[in-house]
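The values are calculated or read from the model by the stated rules, or taken from the named source; none is laboratory data. What you are looking at is a predicted structure, and each value in this text was computed from that prediction instead of being measured. Keep in mind that these areas ignore ligands, DNA and RNA; they rest on the heavy atoms of the full protein, side chains included. Shrake-Rupley method; radii C 1.70, N 1.55, O 1.52, S 1.80 Å.
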Amino acid sequence: MNTATPAAAEADLLTCCGSRRWARRVAAHRPYPDLDALLAASDEATYDLSPADLAEALACEPSDPLDSLAPHRGAGHTTYTAAHTALRAAHAAYESRFGHSFVICLDDVAPDEALDQLLSGIRSRLGNDPEDERAVAADELRRLTRGRLARLTLCQAAENAARQAPQHAAREGRPQSRPDSPYVPV
């Protein structure tokens with residue numbers, strides 16, 4: 001993140017939050033000394049989103065509520081249940097009432113509880129006043145963005161380490177392990 005060009009950093013950041021203003025702001029304050037500093041900058045930029053910025057970010061969120069469950073579903077978990085039908089109906093009612101996709105952060109929810117939490121959350125928030133719901137949606141978006149940023153940063157760090165490991169080993173004249181080998185040269 002710190003070494004990417006401004007355009008590349010903004011493109012990566014837009015995968016975490018769909019507000020162009022947010023992405024420009026977070027990218028402009030690089031370099032970040034650590035993940036905590038990046039997350040703090042993200043929070044600050046998220047709190048400062050204008051209603052138009054928030055609308056832009058929410059418009060980029062998945063319109064299918066089941067997409068929120070993607071990280072919680074294992075391979076082969078494709079069973080379609082009555083809860084899925086209820087979720088789609090509740091989401092349609094939510095979009096009709098508030099004009100944007102429902103967002104909720106499920107990062108701390110056990111996979112087997114995610115569908116219930118999603119359905120419960122959408123049903124409970126349907127009763128919110130539009131102004132109150134905008135504040136709740138903004139906070140959920142902030143939480144989603146934090147989780148996405150943390151995962152993006154960890155993936156980028158792992159990719160950088162993988163690229164540098166062979167170069168580092170070659171510089172030191174150490175043998176390189178095969179990618180499928182459980183052994184790491186010491």
> Using a 1.4 angstrom probe and counting only protein chains, how large is the accessible area of residue 21 in Å², to 10?
Replying inline: 100 Å²
> Taking a 1.4 Å probe, which of 109, 136 shows the most accessible area, and what order do the others take after it?
Replying inline: 136, 109
>> Leaving ligands and nucleic acids out of the surface, order 84, 100 by accessible area at 1.4 Å, largest first.
In response: 100, 84
>> Please list 133, 10 from largest to smallest accessible area, probe radius 1.4 Å, with all protein chains kept in place.
In response: 10, 133
